[in-house]
Every structure is written in C-alpha cells, then in structure tokens.
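The values are calculated or read from the model by the stated rules, or taken from the named source; none is laboratory data. Bear in mind the structure is a predicted one, so any value in this text is a computation, not a measurement. Here the Cβ is made from the backbone with ideal geometry for all residues, glycine too, and neighbour counts use every protein chain on show.
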Amino acid sequence: MHVETSVVDSVINKIEEYFPGLVVERGKNLNFLGMEIGFLEKGKLKLGFVQYISSMIEEMEEALLPYAENLNHDYPHPAAKWLFTVKADTEELDEAKADIFRKFIAKLIWVMKQGRPDVKPTVSFLSTRVKAPDKVDWHKFKRLMCWVKKTKKDVRIISTDDLLNMIVMIDSAHAVHNDTRGHTGGVTSFEPVL
C-alpha cells in the first residue's frame, strides 16, 4: 500500500510542476464539477448530482415565476410517447422562454452525459430543438424538468466483479427527424460474473 501511495504522490508532484497551485482532493467522497463521487466497498462506486440538480431546479423555478408556471407536476417518466413528434404549425416560443429552454438543456446535457442516463433520450431530442423551440417543446421540456425535480436524489451505483466482462449495445434509426437526420443511442453494462 505504501508503494502505491508513493507512486501516486510522485505523479501528482510531476503534474504540479506543469500546473502550479493544483488542488488535490482525496478521500472516499469527492465532489468534481458538480458530480458527487462516493467510493463504496471494493468494486462499487456511487455517482450523484444532488446538489447540482437542486441548484438547477431552484434556478429554473425562479425563471418560471414571471410566467406563473412551476415544476410541481408528478410524471411517471421523463417523456411521453410523443416525444419525437414534431408538428410544423406549432407556435414558436418567445425569445425569453427560448433562452430558458436553451440554458437548461445545456445544463442537462452535462448531467445526462455524466450520470443520469434515464434522461438521455429526452435531453438528446430536445437538444435538436434548441435553434427554434416551440410551445410543444416547452411542454416536453417542463415535463422533463418535473421528472428531474422528482428524482433529484437518485444516484447511480456502478459496480462489477470483473471489468473485462463488458456488454456494449449500440443502435441507430435513420431519417427519423423532420430534417431527415438520424438518432443513435448506446448502452454499456458490466456483465455480472456467475
């Protein structure tokens, strides 16, 4: 154990030569760029965004006050079955609401990429709508934010017995959007050792 610590210290010292003032955080619970990382027993990691999402929800609710809207609806999942439906004749959002939409979709992209795959399909689709969001997109977005508020304390537990037994599945659907663009997605899982 002492040898491993001295190797880590020498690597950190080498990095500090290039980046003076480097702050090193150690321990079983770390906070890195809004991610709350907890090392549980061997082979198990906890990854959450409770503080980041709580702050985001608070900011969003404040932004909704002028519109007399809130995030108090209770939905069973982040998107309805018409998530990918786009109607050409729907009225576009006014610029102030469109800016709120864009700002929070950008924040959600960070969250979904780092630790909340449950919102990935919804965020991925809504991110294709940031150029000219309409009122239906706003409803889909608010539904997502209600879901995120409801599940803000959900954390991901990642564990495995063997890092070499990994399953990766990727699929794509071609020309499914109105502009004939496709949509892709993927899942990576560690296969439990039996």
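Brief remarks on what is shown
Conditions (1) surrounded by 11 or more Cβ atoms within 10 Å (Cβ to Cβ); (2) closer than 29 Å to Asp162 by Cα; (3) of a type in the set (S, T, N, Q), marked per residue:
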residue: Phe19; (1), (2), (3): no, no, no
residue: Val23; (1), (2), (3): no, no, no
residue: Gly27; (1), (2), (3): no, yes, no
residue: Gly34; (1), (2), (3): yes, yes, no
residue: Gly48; (1), (2), (3): yes, yes, no
residue: Tyr52; (1), (2), (3): yes, no, no
residue: Thr90; (1), (2), (3): yes, no, yes
residue: Leu93; (1), (2), (3): yes, no, no
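- Qualifying residue in region 76-95 (condition: under 19 Å from Thr151 (Cα atoms) and of a type in the set (A, V, I, L, M)): yes
- Hey, Tyr75 among the hydroxyl-bearing types (Ser, Thr, Tyr), touching a strand residue (DSSP E or B) at 6+ places or on another chain (Cβ under 8 Å) and modelled with pLDDT of 90 or more or not: no
Residue by residue, here is whether (1) closer than 25 Å to Pro117 by Cβ; (2) assigned to a loop (DSSP other than H, G, I, E, B); (3) free of Cβ contacts under 8 Å to residues at least 40 places away in the same chain; (4) not charged (D, E, K, R) holds:
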residue	(1), (2), (3), (4)
Ser6	no, no, yes, yes
Ser10	no, no, yes, yes
Gln51	yes, no, yes, yes
Ile57	yes, no, no, yes
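- Residue match in region 152-167 (condition: in contact with a His (Cβ under 8 Å, 6 or more places away or on another chain) and either surrounded by 11 or more Cβ atoms within 10 Å (Cβ to Cβ) or hydrophobic (A, V, I, L, M, F, W, C) (or both)): no
- Failed condition for Leu65, given (1) at pLDDT 85 or above; (2) within 27 Å of the chain's Cα centre (by Cα); (3) surrounded by 10 or more Cβ atoms within 10 Å (Cβ to Cβ): (3)
- Filter result for Phe39 (within 28 Å of Ile157 (Cα to Cα) and hydrophobic (A, V, I, L, M, F, W, C)): yes
- Only one entry of Gly182, Gly115 meets the criterion of being crowded, with 16+ Cβ neighbours inside 10 Å and in contact with a strand residue (DSSP E or B) (Cβ under 6 Å, 6 or more places away or on another chain), and that entry is Gly115.
Yes or no, residue by residue, for (1) modelled with pLDDT of 90 or more; (2) under 28 Å from Gly48 (Cβ atoms); (3) hydroxyl-bearing (Ser, Thr, Tyr):
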site	(1), (2), (3)
Leu93	yes, no, no
Ala98	yes, no, no
Pro117	no, yes, no
Lys120	yes, yes, no
Ser124	yes, yes, yes
Leu164	no, yes, no
His174	no, no, no
